[in-house]
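Notes follow once the structure below has been shown.
Just so it is clear, none of the values below were taken in a lab; they were calculated from the coordinates. Note that the structure is a prediction, hence the values are computed from the model and not measured. Don't worry about glycine lacking a Cβ; one is built from the backbone with ideal geometry, like all the others, and counts go over all protein chains shown.
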Amino acid sequence: MKYFSVFVILLLTSCLYDNPRVRITNYTDSKFDSIKVFTSLHLPTIFYDIEPEKVATGKILFDKINQNDGSYSLLTFKNGKIDRQINFGYYSNGYPLDQKFKINIKNDTIIIHYK
């Protein structure tokens with residue numbers, strides 16, 4: 001029974017990922033001053049000066065103090081003001097359930113692929 005418990009814990013924690021990767025492509029007609037992706041306002045991942053047809057890549061950081069469930073947030077900025085805001089995905093107990101997000105920002109929508 002002891003080994004079964006250890007196996008279950010290892011199985012469950014191996015399904016969780018650390019700091020998922022994100023790839024954002026700007027398919028709009030205009031430049032973004034910045035794009036923020038985050039789970040916590042204290043640790044945002046920020047990309048600057050994203051021109052049309054350009055790609056930004058990085059990792060979404062997790063605040064180790066946060067052991068809650070929640071969703072990711074994405075904010076785009078133009079001329080220093082929020083242009084778009086969207087919540088997406090889900091994380092549990094402070095850990096991501098996905099290892100990568102591919103985000104396509106278009107003129108009229110934002111498409112998110114989960115991996």
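Key figures for this structure:
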read-out: Dipole in debye (nearest 20) - the chain, about Cα centre, beta carbon charges: Lys, Arg +1; Asp, Glu -1; value: 220
read-out: Degrees separating the helix 2-14 axis from the principal Cα axis of the chain, which is the longest one; value: 0
read-out: Relative contact order of the chain, pairs being alpha-carbon contacts under 8 Å that are 6 or more residues apart, as %; value: 30
read-out: Sum of -39500 (n - 2.57) over DSSP H runs of 4+, divided by residues of the chain (222 nm, nearest 500); value: -3500 deg cm²/dmol
read-out: Debye log10 I(q)/I(0) for the chain, one point scatterer per Cα, at q = 0.13 Å⁻¹; value: -0.52
